[in-house]
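Working notes, structure below.
The values are calculated or read from the model by the stated rules, or taken from the named source; none is laboratory data. Owing to the predicted nature of the structure, the values given are computational and were not obtained by experimental measurement. Because the Cβ atoms are built from the backbone with ideal geometry, glycine has one as well, and the counts that use them run over all protein chains shown.
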Amino acid sequence: MTIKRIHPMSLAKVSGFLYAMLGLIIGLCVTLLSLAGAGKGGPLAGAFGAMFGVAAIIVFPILYGVIGFIGSLIGAALYNVAAGVVGGIVIDAE
């Protein structure tokens, strides 16, 4: 079996979703770390840590999803050009 072409939009949608899930996991970790450190610096630091943590849960998945979507869209288009020149990737599957 030879992969001769990848539909860029289908790959971009799947990659965008996977990267958004990764961003959510990383955002949750950042939130936990910021909330854990927020109690040590007083009330102003606590408020800042809480706001930063909530922002991380919202911003990281969006940012990672958009970057994954655009990156894989470009990558699939470049793959299609390269596969047209050299013939694609041969995969042995059972």
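Quick notes on this one:
- Residues in the stretch 49-67 that are surrounded by 14 or more Cβ atoms within 10 Å (Cβ to Cβ) and at pLDDT below 85: 49, 50, 52, 53, 54.
- Hey, residue 75 at pLDDT below 90 and within 25 Å of residue 12 (Cβ to Cβ) or not: no
- If you go through the stretch 4-26 and pick out every residue that is more than 10 Å from residue 73 (Cα to Cα) and assigned to a helix (DSSP H, G or I), you end up with 11.
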